[in-house]
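Single-structure report; data block below.
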Amino acid sequence: MFEHEFVRNAWLAGTAIALASGLVGHFVVLRAQVFAGDALTHVAFTGAVAAAAAGIDTRIGLFAATIAVALAIGVLGDRRAGDDTTIGIVFAWILGLGVYFLALFSSRAGGGNGLLGARTLFGSIFGLSAADARLATVIAAAIIAILLAIARPLLFATVDPAVAGARGVPVRALGLLFLVLLGATAAEATQAIGALLLLGLLAAPAGAAQRLTANPYRAIGLSAALAVFSTWAGLTLSYLIPKLPPSSAIIAVAAGVYVLAFLASTDLHGLGRRLAAPLSGGTET
Amino acid sequence: MSSSALPLAGLSLDPVSDFQQLTAFPFMVNALEAGTAVAIMAGVVGWFMVLRRESFAGHTLSLMAFPGATGALLIGLPAAAGYFVFCGASALVIGLGSSGVRRHRGEESALTGVVQALGLACGFVFLSLYQGVLAGYENLLFGDFLGITRGQVLTLAIVAVLALCGFALVGRPLLFASVDETVARARGVPVRGLALAFLLVLGLAVAATAQITGVLLVFALLVAPAATAQQITCRIGASLVLSVILGVAITWAGLALAYFYSEPVGFYITTVAFTIYVIARVTRAVIDHSTLLRRRPEIAEAHA
């Protein structure tokens, strides 16, 4: 299947994006910021349609929107109180803006908005050109390099912010930088996986890895490996089954990996007892 | 006013003629009735959702209406059946799964994230299999209030009444369990069972709401009225009532604006909701700040 150029492009971009998503996703899950990740990936949609409505390159809109919202969440948000409500309201409104831009774009382009919307929401990894794939790889490499450079202090600041702050680690600045990296990852991956599906590649490999091992470094590596595996398997599956969209196949494999990890790491007797608990009055001892 | 003779003459300063224009067509009456039922339910359910900090679960459940609708289309069932089946099933998975996790909050939300992405991926597969509706997927995601039938209004009203009856029955223990889980459990309140029941009602409510606002924008009606009400007052009954009133007002304003102007209804509903929230938040901050300024001498005195 590597005879086709579009497949080679998809594998190159897909691998780079999966590595970045797996690494960033590990910290997203560890820092309990999955909802922020969700918001940033959905906001990418608004960025892309706004750029299309204004007639500029959608990639500029993607990165501008996600990084701006990442900064806003980082500056305004407070990790303890009411954070998810604020994120929720802001991003519901930004999605509403996305609808407005989509209507604006379609009235200008004469009703041809179905394709733009579908590509932004669900990705089109087999539609990437060689130049797109190379650019995606370079951006992913930059994200990975920055993340690995700050991995140790970020881990410290995540696990115990108070002690890290006392030891002179710039906890707030690291949190902000991490959100910007998350935003850049979201913008980057939207072209391939789609704004609606990307969350799976952030949450599933990382969640699976953290269920399988408690060692943070092993979990980071495992998360990246699982993300790459899901992407490869998904791309192969959708190549073999033409009706299956590639982004859905990737997310389905990632979710399957997560379910296996969940079952493998759950003691089933305990789970059965807990599941029975709510039915039988449910006071847990 | 001569404009009242012309149904689409635009918004005027006379509320009576505006109202007459708004209700001139049956489709608009259906939309307003359905919107009111949905807004009342979303106001109550959303109030508990914000209190329990389960916005992410609420958002995920609302997105599950998308695979529900496309899946139902694919096998030829009415879309409403798909909405309720998928939202209910996801609520069960999230509720049961996260009661098996509980190691820390990040893992719980990872599970929710996986459910969300997998559901949307399924929806996209259904959509690709059912070729030919690609033009219609936007109405699914972003709402379409023009095609609401009498039957849908009736279904929505029944669902709203059922959900409100449920809250009337378990409202007190649910409130207790939401505010202080540990004490509630010690007093013998079935905390886990209530959490699961609440997620199920949340799934039911978003499945109903998604039919009006679209899958992506349900969230605005769930979270914004409740969060605004909780900014304005911390008294339980008052903020619950306020949340319902705000929800209905936002829905009516959004529908009316979409009727008189050409932009999509989802855009107006989210924008009105967001504006009201920002006003409430800023007002609250100003009041808190001025109270602090006024009391600063007293506080300094007390510390001295």
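The values are calculated or read from the model by the stated rules, or taken from the named source; none is laboratory data. Remember, predicted model here, so these are calculated numbers, not experimental data. We place every Cβ from the backbone using ideal geometry, glycine too, and count neighbours over all the protein chains shown.
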Q: Select the helices (runs of 4 or more DSSP H) contained entirely in region B:196-304, then report the ones holding at least 3 residues which are of a type in the set (Ser, Thr, Tyr) and in contact (Cβ under 8 Å) with a residue 12 or more places away in the chain.
A: B:236-260, B:265-303
Q) Identify, please: which residue in region B:272-304 is modelled with pLDDT under 85 and of a type in the set (Val, Ile, Thr) and is, among those, nearest to A:TRP93 (Cα to Cα)? A) B:THR291
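Per-residue answers, yes or no, for (1) more than 10 Å from every other protein chain (Cβ to nearest Cβ); (2) of a type in the set (Gly, Ala, Ser):
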position: A:ALA208; (1), (2): no, yes
position: A:ASN215; (1), (2): yes, no
position: A:ALA225; (1), (2): yes, yes
position: A:SER230; (1), (2): yes, yes
position: A:SER247; (1), (2): no, yes
position: A:ALA252; (1), (2): no, yes
Q: Residue by residue through region A:38-56, note down the ones that are among the small types (Gly, Ala, Ser) and more than 12 Å from chain B (Cβ to nearest Cβ).
A: A:ALA44, A:GLY47, A:ALA48, A:ALA50, A:ALA51, A:ALA52, A:ALA53, A:ALA54, A:GLY55
Q: Just need a number here: residues in region A:179-206 that are surrounded by fewer than 24 Cβ atoms within 10 Å (Cβ to Cβ) and either within 13 Å of chain B (Cβ to nearest Cβ) or in contact with a Phe, Trp or Tyr (Cβ under 7 Å, 6 or more places away or on another chain) (or both).
A: 1
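Rundown of residues vs (1) over 22 Å from B:PHE56 (Cα atoms); (2) more than 13 Å from every other protein chain (Cβ to nearest Cβ); (3) surrounded by 24 or more Cβ atoms within 10 Å (Cβ to Cβ); (4) within 18 Å of the chain's Cα centre (by Cα), yes/no style:
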{"site": "A:ALA16", "(1), (2), (3), (4)": "yes, yes, yes, yes"}
{"site": "A:ALA20", "(1), (2), (3), (4)": "yes, yes, yes, yes"}
{"site": "A:GLY25", "(1), (2), (3), (4)": "no, no, yes, yes"}
{"site": "A:LEU30", "(1), (2), (3), (4)": "no, no, no, yes"}
{"site": "A:ALA36", "(1), (2), (3), (4)": "no, no, yes, yes"}
{"site": "A:GLY61", "(1), (2), (3), (4)": "yes, yes, yes, yes"}
Q: Mind listing whichever residues of region A:203-229 are under 13 Å from A:PHE27 (Cβ atoms) and of a type in the set (Phe, Trp, Tyr)?
A: A:TYR217
Q) Quick check, is B:ARG172 surrounded by fewer than 19 Cβ atoms within 10 Å (Cβ to Cβ), assigned to a helix (DSSP H, G or I) and at the interface with chain A (Cβ under 8 Å from one of its Cβ atoms)? A) no
Q. Which of the following residues is among the basic types (Lys, Arg) and either touching a Phe, Trp or Tyr at 6+ places or on another chain (Cβ under 8 Å) or modelled with pLDDT of 85 or more (or both): B:ARG105, B:ARG187, B:ARG150?
A. B:ARG187
**Q.** Qualifying position, being modelled with pLDDT of 85 or more, part of a helix (DSSP H, G or I) and surrounded by 24 or more Cβ atoms within 10 Å (Cβ to Cβ), among A:ALA44, A:ALA51
**A.** A:ALA44
Q. For region B:175-195, how many residues meet the condition of being of a type in the set (A, V, I, L, M), in contact (Cβ under 8 Å) with a residue 60 or more places away in the chain and more than 12 Å from chain A (Cβ to nearest Cβ)?
A. 2
Q: Out of the residues in region B:258-271 that are at pLDDT 85 or above and farther than 17 Å from B:VAL38 by Cβ, state the one that is surrounded by the most Cβ atoms within 10 Å (Cβ to Cβ).
A: B:PHE267
Q.
Among the residues of region B:27-48, are any in contact (Cβ under 8 Å) with a residue 12 or more places away in the chain, charged (D, E, K, R) and either more than 14 Å from chain A (Cβ to nearest Cβ) or touching a strand residue (DSSP E or B) at 6+ places or on another chain (Cβ under 9 Å) (or both)?
A. yes
**Q.** Condition met for B:PHE48 (farther than 15 Å from B:TRP252 by Cα and either in contact with a Gly (Cβ under 6 Å, 6 or more places away or on another chain) or modelled with pLDDT of 75 or more (or both))
**A.** yes
Q. Which one of the conditions (1) modelled with pLDDT of 80 or more; (2) under 20 Å from the mean Cα position of the chain (by Cα); (3) at the interface with chain A (Cβ under 10 Å from one of its Cβ atoms) does B:PHE126 fail to meet, given that it meets all the rest?
A. (2)
**Q.** Test set (1) over 15 Å from the mean Cα position of the chain (by Cα); (2) more than 17 Å from A:TRP11 (Cα to Cα); (3) outside any helix (DSSP H, G or I) - A:LEU196 fails condition number
**A.** (1)
Q: Give just the number: which of (1) within 18 Å of the chain's Cα centre (by Cα); (2) at pLDDT below 80; (3) surrounded by fewer than 22 Cβ atoms within 10 Å (Cβ to Cβ) does A:GLY123 not satisfy?
A: (3)
